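Just below is one structure, and these are the notes that go with it.
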Amino acid sequence: MPSADAAPPAPRSMIQASCLSGSDLRVGGGTITLSYDAAAFALTRARICAWTGRAALAVSTYYGRFPVSRVRIVLKPQDGEGVRGGTTWGDADDGQPLIQIRLGRMAQAAQLDDDWTLTHEMVHLSVPSVPEQSHWLEEGIATYVEPVARVQTGELPAARIWADMLHGMRKGLPADGDQGLDHTPTWGRTYWGGALFCLMADVAIRERSGNRKGLQDALRAVLAAGDSIRTDLSVDRLFAIGDQGTGVPVLQVLYREMGDAPMPAGDDLENLWRRLGVYPDGDGVRFDETAPLAAVRRAITAGRGGGR
Ligand SMILES: [Zn+2]
């Protein structure tokens, strides 16, 4: 279980009850105001509360607290079904963070149960605004942390996210002619290249720290320093804070390697899966618990200090 630096998030039932009565949700020290036109959606308030509470709990569990003290979530009706996208701002018209979710008028309960979008957008609240050329970092952290956080609250099985990573991370590898992450703003390098940076950083921090610290500790240190989506930081400063939080200079070194140069290579990624003990098996994966970094793999999804 992750150890919380702040008070642990309120139990799911309490979060639910306040939301159902129409009040704000209070999760992990944050206050979430839900704003939408109930007549626009087929979904019940109970379903929307459960979905919002679950995402907020996952993010609060990963970070030990909700990333910002206050956020407004606006559900914007769209034609059709499902969760159709989201956008997060650190500083909306009212000066507060805002998440806008584009939600189908005919969205079904099962589609909310399966949704990753709202958790992804809430992770954005934790990431300081960095210069545009490093946008990959904002999307990479959101892409990498969202499923890990959902495993830590039991929403997803670990095997499912390792299967998704095994399938997805290769989309983040540099293509012919690509440069470093700061100079290749394609979709694959931005989302999956950024996520691959996070995975490599997580593994390296755990290797260097005897599996006592991980990327989770580095990202918590950023919040503890008073930073979030509401602050502007250079990547160097952000990574210096993160490295201070883990005691090992992994983020700054990896940024020097991957920011300007096209790496890693496909062979490096294959080697990483072998070291973690993750092998494709039909649609899923199978784990090799005798692999050199099997304990690192387990610790990533167990939370801080878990799986040693
Ligand atoms: Zn995003």
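The values are calculated or read from the model by the stated rules, or taken from the named source; none is laboratory data. Since we're looking at a predicted model, the values are computed, not measured. So basically every Cβ, Gly included, is an ideal-geometry build from the backbone, and we count neighbours across all protein chains shown.
Selection of the range 222-252 for residues being in contact (Cβ under 8 Å) with a residue 40 or more places away in the chain and either polar (S, T, N, Q) or assigned to a helix (DSSP H, G or I) (or both) yields 222, 223, 224, 228, 231, 234, 235, 238, 246, 250, 251.
Filter the range 162-182 down to residues that are of a type outside the set (D, E, K, R) and within 16 Å of the ligand (Cβ to nearest atom) and give me whichever is surrounded by the most Cβ atoms within 10 Å (Cβ to Cβ). By that ranking, first place goes to 181. Each residue in the range 95-106 was checked for being within 14 Å of the ligand (Cβ to nearest atom) and among the polar types (S, T, N, Q), and 1 of them qualify. Of 109, 159, all but one fail to be assigned by TED's automatic domain parsing to the domain that holds residue 194, away from the ligand (no atom under 12 Å from the Cβ) and surrounded by fewer than 17 Cβ atoms within 10 Å (Cβ to Cβ); the exception is 159. Within the range 116-133, the set of residues being away from the ligand (no atom under 14 Å from the Cβ) and either in contact (Cβ under 8 Å) with a residue 24 or more places away in the chain or in contact with a Leu (Cβ under 6 Å, 6 or more places away or on another chain) (or both) comprises 128, 131, 133. For residue 59, the requirement of being touching a Lys or Arg at 6+ places or on another chain (Cβ under 7 Å), hydrophobic (A, V, I, L, M, F, W, C), closer than 22 Å to residue 129 by Cα and touching a residue at least 12 places away in the same chain (Cβ under 8 Å) is not met.
The condition of being touching a residue at least 60 places away in the same chain (Cβ under 8 Å) and assigned to a helix (DSSP H, G or I) holds for only one of 42, 17, 50, 46, that being 50. Considering (1) within 16 Å of the ligand (Cβ to nearest atom); (2) hydrophobic (A, V, I, L, M, F, W, C); (3) surrounded by fewer than 19 Cβ atoms within 10 Å (Cβ to Cβ), say which one residue 142 fails and leave the rest. That leaves (3) as the condition not met.
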